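Okay, so here's the structure we're looking at.
The values are calculated or read from the model by the stated rules, or taken from the named source; none is laboratory data. Not measured: the values here are computed from a predicted model. For neighbour counting, all protein chains shown are included, and Cβ atoms are generated from backbone atoms with ideal geometry for every residue, glycine included.
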Amino acid sequence: MLILWPVGLSLRSPARPNAPVATILVGLAFVLRFAELGSATWTPRALTALIPWLRLYPDPGTDLFGVWQLWTSCLLHDDIWQVLLAGLGMATVGAALERQIGSGSFALFLAATVPLSPVVSVLAGVHSPAMGLIPAVVACAGALLILAPTAHLRLRLWWWAVVAMGRSTLRLALLWWVTGLILAEMLRLSARPIGSGLDSVAPGFLPLYAAGLVLCLTAGQLFGRSGLRTVAGHAP
């Protein structure tokens, strides 16, 4: 049996050992995902009722939409696999970018790139499922492809058989990692039913989502070629 686990990117700024913004986002994503599982007895009732009260995501049954939801919808994920994939991506790629450019610049970067993917669906008038942090992670990868083109994702591989076990570290180029992330997300969504609501995909949504992810990747690269490169270059 094999277990493959991402450890992090092969770069770290010694002056910025922590990534508070990325850590908080991952924590909120997991808390809200568990809060959505309202039938679970261990979920506090007040926490379960908090999500619709905050209106973090458009109501699938109505046409109501708040501009702030272009940002807050990134905290909601439609299944546990998506939040795991997005959480690991933000904890590795997002945290690596935050260490390179600083938490303030990273927060501004997310504020500029998070709305890009949902706004594509909004302008097209197509209801989308909860897209979570995946578009933000793709944007972070786009910036790192410019700021640190030789960065590799370090993967820890554990294996064991009946009488033996071992561990090794693999390296995966960032370009191939983000390509695999986009493909995995598209395959995951293509297996969902067609309809409305957090657990389904609206007709015509997948091409729009793919375009939104490409837009996030491109925006991340443009930011990397402009202001972010200057900030990273002057890191203490």
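Where helices (runs of 4 or more DSSP H) fall wholly inside region 41-154, the ranges with 1 or more residues that are modelled with pLDDT of 75 or more are 69-72, 80-89, 95-101, 103-113, 116-124, 134-147. When THR23 is tested against (1) over 23 Å from LEU145 (Cβ atoms); (2) among the hydroxyl-bearing types (Ser, Thr, Tyr); (3) at pLDDT 80 or above, only condition (1) is not met. Applying the condition of being within 18 Å of GLY89 (Cβ to Cβ) and among the aliphatic types (A, V, I, L, M) to region 4-20 and asking which residue is modelled with the lowest pLDDT yields LEU4. Any idea which residue in region 102-133 is surrounded by the fewest Cβ atoms within 10 Å (Cβ to Cβ), counting only those that are within 20 Å of TRP81 (Cβ to Cβ), touching a Phe, Trp or Tyr at 6+ places or on another chain (Cβ under 9 Å) and aliphatic (A, V, I, L, M)? Only one residue fits best here, namely ALA130. So, in region 199-213, exactly how many residues are hydroxyl-bearing (Ser, Thr, Tyr) and at pLDDT 85 or above? The total comes to 1.
Just one of (1) modelled with pLDDT under 85; (2) within 25 Å of ILE80 (Cβ to Cβ) fails for CYS216. It is (1).
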